[in-house]
Protein chains: 2
Amino acid sequence: MSRYVAGDLTDAELILDRCNDLAGISSHPDYLERVHLSPQHREANDLVARWMTEAGLTTWQDAAGNQCGRLEGREPGLPALLLGSHIDTVPDAGRYDGMLGVLLAIQVVERIRLSGVELPFALEVVAFSDEEGTRFGNALLGSRALSGTWDDDWWKLTDKDGITLAEAFQDFGLDPARVHGAFRRPGSLIGYLETHIEQGPILEDADRRLAVVTSIAGARRFAVTITGKAGHAGGTPFDRRKDALVGASELVIEVERLSKQYGVIGTVGRLQAFPGGINVIPGRVEFSLDLRGEFDDDRDECLRLFTKAAEEMCARRGLGFDATEIYRADAVMCDPALKDAIAAGIAATGDTEPLAFWSRAGHDGMAVVNIAPIAMLFLRCRGGISHHPDEAVKKADVAAALDAFEAAVLSVATSR
Amino acid sequence: MSRYVAGDLTDAELILDRCNDLAGISSHPDYLERVHLSPQHREANDLVARWMTEAGLTTWQDAAGNQCGRLEGREPGLPALLLGSHIDTVPDAGRYDGMLGVLLAIQVVERIRLSGVELPFALEVVAFSDEEGTRFGNALLGSRALSGTWDDDWWKLTDKDGITLAEAFQDFGLDPARVHGAFRRPGSLIGYLETHIEQGPILEDADRRLAVVTSIAGARRFAVTITGKAGHAGGTPFDRRKDALVGASELVIEVERLSKQYGVIGTVGRLQAFPGGINVIPGRVEFSLDLRGEFDDDRDECLRLFTKAAEEMCARRGLGFDATEIYRADAVMCDPALKDAIAAGIAATGDTEPLAFWSRAGHDGMAVVNIAPIAMLFLRCRGGISHHPDEAVKKADVAAALDAFEAAVLSVATSR
């Protein structure tokens, strides 16, 4: 077991170098943004495919733009244990959310190939095309295609330039009519394991490197529109105003208040006032609402009270309210046996009683669970920061995660 | 005086038709937006120049992109009475704010030319290039160039695409180094008269058509930035969040509260959260603040309290606050003699005791007053609505405004 003690800095350095390489593939000169089906997505897929090939995997891009690779097990054609994460980013992103999990998976497969161990299953690595939903608002498009939970209504989703998802598929060289080709038969995968930065401060506060994920919080996302009436800022007295922005501002504050009260996590991440003239009363405000919690019931109660508050505010201010659900995922439990394998992997790095807690963030496993059991390994990140350029990990933690993830894969083999 | 009774629908119809023609010159297919130094500005200037020529004016475009025309008085080269308004719009604009004043001025000059009356001054018409400040945030750029109050710091202002004002001048075919050529010597203008829709409900509520403007409210505009820290919506607990949008929302509400309390007019017309991901806590919010009032002292006290509230909120939430003043105009009084001429003009339409009140909105006269006395005629608009496609005027009111404005010009001649 000497390979599994933390401290193999060479592999960790390679992974961190590759995170930097991927971070250089951005649609913005000043910050990292790489969205679904963009030219940068193309470039990143090609680079990841090269690394997969170098690691000894056979590679392909599936019908939904997910970059895939495979190493056969002790005989060809066995069901596969799928490892991976996603390759897309939020705007002004950090360089570890998603990418690190893809690169760790590639490295684990290479290590196992080089070790000569024959596994009773194939290993596959996937770099999911879209987890964040930055471009089309609807998250997990890559893993939903793979898991056969695609909805043809999504073809009409548009990005900020008015390009539909169907058009973006074609621009990327994909055929929307063939997206179902990305669907994996349930029996073809024995499970899905993902390593991801924690995106929270629990590990750092506890001075621990790695954790077992127990469940992934359910999230609901809404596109909210508040409609008032535009008018000249100077000429419209307050008693005649229907200012959509003052109304929306009340709701942003209400989201925070209700979330704290109900122990759920509510965020308005996107908000814009229209028409947007300095001297024009906002006639319309569009904002996003993301609500998530460990328990779906709390989240849904919070949503009910938010809607009630919005309707009361709109009645008082003469405004219109619309909230369209654009994403819904209920809480997902990690598989007990795969969780045990993750815990065994962490134990192999010396932490025999690893922390175990729920993921506040959504992950591709929420879609993959429809066709295979899932589990996740969390890795400490600095200050709990993610979705920000300050995202950072320690090299030693990456080395530990690599060892733990490899040991977890071998543990799955042993327990079968 | 039979020409001056309300009801000359032919001229009013022509003016309204031309408002429709100008409204068709838009950078957006779905709504009217025509900003400073845009291709649409070029097209509108050319059309207005044609109408000026047809009305018998000699025309030129000045060094700041203002479209000008002139009819000589009883002898060539006399100082001029300047009539006009602006030709730019807010986003999703109505079709009368600005344009109507330009078209009324052209029609008044044509009527006087056709009448054969010889005036002791020349008449000039101006279609100011930028009054709203939509593109560069800084309003009155056209009239400030004409009045010699240009500030070379403005060349560095940028539009939403990062184009500087200097570059926009060049793209329009203007030479930034020559902008001072637009400056009018104080002695060259005897005054400035403008007709504008009221942009408020006072005339409609009083069932009156026209009003004398007594003063133009002073306004101050700020670009406000609230700085927090972006982070993953799921992974960042509330006690670690520095959410710039929740903080900004408190301030939007505070602007409304303070404005009502102090009888001033405060508006946040533009607000956007960055980076703008659905599942990312906003790390930065940028918004505009427009504060105006009849009395500068009230406005400035309101600003002081807003700043205090912002600093308190930011200290409480761990946010940063910056407010950069991008525009400042103190209240401007209309000239008594020119106000009398406007009142005489309205009286000529049968309303011998016209309403007189202050303009809540800013106007080009605020800049022109630096080189010449100013006065304004207000025209009723439907519901007090402006800066919105629902902006509307009655044809009979336009006819009355045309008669009153012509009579006002003749009254200036009589009183000299």
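Can you list the lysines whose alpha carbon sits under 20 Å from that of A:Lys339, skipping same-chain ones fewer than 8 residues off?
Partners found: none.
How far is A:Arg74 from the same spot in each other copy, in nm, shortest first, if each label point sits 7 Å from Cα toward Cβ?
Ordered by increasing distance: 11.5 nm.
In degrees between 0 and 90, to the nearest 10, how far off the longest principal axis of chain B does helix B:99-115 point, with axes built from Cα atoms?
Orientation of helix B:99-115: about 10 degrees from the principal axis.
With only Lys, Arg, Asp and Glu charged, each at its Cβ (+1 for the first two, -1 for the last two), find how big the charge dipole of chain B is about the Cα centre; round to the nearest 20 debye.
In debye, rounded to 20, chain B gives about 660.
What residues qualify as long-range amide H neighbours of B:Ile326, i.e. H under 5 Å apart, gap of 5 or more or another chain, H built at 1.01 Å from N?
Counting only residues 5 or more places away or on other chains, the set is B:Arg221, B:Phe222, B:Ala223.
May I ask for the distance between the Cα centers of the range A:296-347 and the range A:170-243, given as a whole number of Å?
So the two Cα centres are separated by 11 Å.
With chain B rotated onto chain A, spot the residue of B whose Cβ lies nearest the axis and note the distance in whole Å.
Value returned for chain B: B:Ser249, 2.
Restricting to the protein assembly as shown, compute how many DSSP beta bridges are antiparallel as a %, nearest 5.
Within the protein assembly as shown, antiparallel bridges account for around 70 percent of the total.
Enumerate the calculated ³J(HN,Hα) couplings along the range A:232-239 in order (Karplus 6.51 cos²θ - 1.76 cosθ + 1.60, θ = phi - 60°), each rounded to whole Hz, writing x wherever the residue is Gly or Pro.
Whole-Hz 3J(HN,Hα) from phi for the range A:232-239: 5, 4, x, x, 10, x, 4, 6.
Mean projection of the alpha-carbon convex hull of chain B over all orientations, in nm²?
If I average the Cα hull's projected area over directions, I get 20.3 nm².
Under the classification rounded if a/c is under 1.5, otherwise prolate if a/b is larger than b/c and oblate if not, where does the range A:1-159 fall, given a ≥ b ≥ c as square roots of the Cα gyration tensor eigenvalues?
It comes out oblate by the Cα gyration axes.
Hey, what do the phi angles of the range A:407-415 turn into as Karplus ³J(HN,Hα) couplings, whole Hz, using 6.51/-1.76/1.60 and θ = phi - 60°, x for Gly and Pro?
In residue order, the calculated couplings are 5, 5, 4, 5, 5, 4, 5, 5, 7 Hz.
Based on DSSP H runs of at least 4 residues, each adding -39500 (n - 2.57), what is the mean residue ellipticity at 222 nm of the protein assembly as shown after dividing by all its residues, to the nearest 500 deg cm²/dmol?
-11000 deg cm²/dmol
Work out the length of the dipole vector of the range B:81-201 about its Cα centre, built from +1 on the beta-carbon of each Lys and Arg and -1 on the beta-carbon of each Asp and Glu, and round it to the nearest 20 debye.
With Lys and Arg at +1 and Asp and Glu at -1, about 420 debye.
Under 14 Å from the 7 Å Cα→Cβ point of A:Glu325, by amide nitrogen: which residues of the range A:210-236?
A:218-223
Extending each Cα 7 Å along its Cβ direction at B:Asp390 and B:Lys260, get the distance between those two points in nm, one decimal.
Between B:Asp390 and B:Lys260, the simple spin-label model gives 2.1 nm.
List, shortest first and in nm to one decimal, how far the label point of A:Arg257 (7 Å from Cα along Cα→Cβ) is from its counterparts in the other copies.
Label-point separations across copies, in nm and ascending: 1.1.
May I ask you to evaluate 6.51 cos²θ - 1.76 cosθ + 1.60, the Karplus curve with θ = phi - 60°, for each residue of the range B:264-277 and list the ³J(HN,Hα) values in order in whole Hz, giving x for glycine and proline?
For the range B:264-277, the Karplus-derived couplings read 9, 10, x, 9, 9, x, 10, 8, 8, 9, 10, x, x, x Hz, x marking Gly and Pro.
Could you size up the charge dipole of the range B:219-329 around its Cα centre, putting +1 on the beta carbon of Lys and Arg and -1 on that of Asp and Glu, and report it in debye to the nearest 20?
440
Would you mind telling me which residue in A:Arg18, A:Arg292, A:Arg241 has the biggest mean-square fluctuation in a Gaussian network model of chain A, where springs connect alpha carbons within a distance under 10 angstrom?
Most flexible of the set in this elastic network: A:Arg241.
Quick one: work out the % antiparallel among DSSP beta bridges in chain B, nearest 5.
70
Beyond 25 Å, what percent of the Cα pairs of the range A:219-329 remain?
23
Enter the mean number of other protein chain beta carbons within 10 Å of the beta carbon of each residue in B:257-264, as an integer.
Other-chain Cβ atoms within 10 Å of each residue's Cβ, averaged: 1.
Taking each residue in A:287-294, count the Cβ atoms of any other chain within 10 Å of its Cβ, then average. What number comes out?
Taking all residues of A:287-294 together, the mean is 3.
Using the Cα centre of the protein assembly as shown as origin and beta-carbon charges of +1 (Lys, Arg) and -1 (Asp, Glu), tell me which of A:Gln170, B:Thr89, B:Phe287 is placed farthest towards the positive end of the dipole.
After comparing all options, I get B:Phe287.
At 1.002 mPa s and 20 °C, plugging the Kirkwood radius over alpha-carbon pairs of the range B:275-416 into Stokes-Einstein gives what diffusion coefficient in µm²/s?
Translational D for this selection: 112 µm²/s.
Helix A:244-262 sits at what angle to the longest principal axis of chain A, using alpha carbons and giving 0 to 90 degrees rounded to 10?
50
To two decimal places, what compactness ratio does the protein assembly as shown give when its Cα radius of gyration is scaled by 2.2 N^0.38 Å?
Normalised Rg, Cα atoms only: 1.15.
With everything on Cα atoms, drop me the angle between helix B:39-54 and the longest principal axis of chain B, reported from 0 to 90° to the nearest 10.
10
I need the inter-copy label distances for B:Gly116: point set 7 Å along Cα to C-beta, values in nm with one decimal, smallest first.
For B:Gly116, the inter-copy label distances come out at 11.7 nm.
Report relative contact order for the range A:219-329 in percent, whole number only (criteria: Cα-Cα under 8 Å, sequence separation at least 6).
Once divided by the residue count of the range A:219-329, the mean separation gives 44 percent.
Can you list residues whose amide H is under 5 Å from B:Gly73's amide H, if they're 5+ apart or on another chain and H is modeled 1.01 Å from N?
Here B:Leu78, B:Ala122, B:Leu123 satisfy the definition.
Taking beta carbons within 10 Å but only from partner chains, what does the mean come to for residues B:128-135?
2
Ranked highest first by the average count of other Cβ atoms within 10 Å around their residues, in what order do A:396-402, A:211-217 fall?
A:396-402, A:211-217
Shape verdict for the range A:71-197, please, from the Cα gyration tensor: rounded (a/c under 1.5), prolate (a/b greater than b/c) or oblate.
oblate
Every read-out reported here was derived from the displayed coordinates using simple, explicitly stated rules and does not represent laboratory data. Here the structure is a predicted model, which means the values were calculated and not measured. Reconstructed Cβ throughout: ideal geometry from the backbone, glycine too, with neighbour counts over all protein chains shown.
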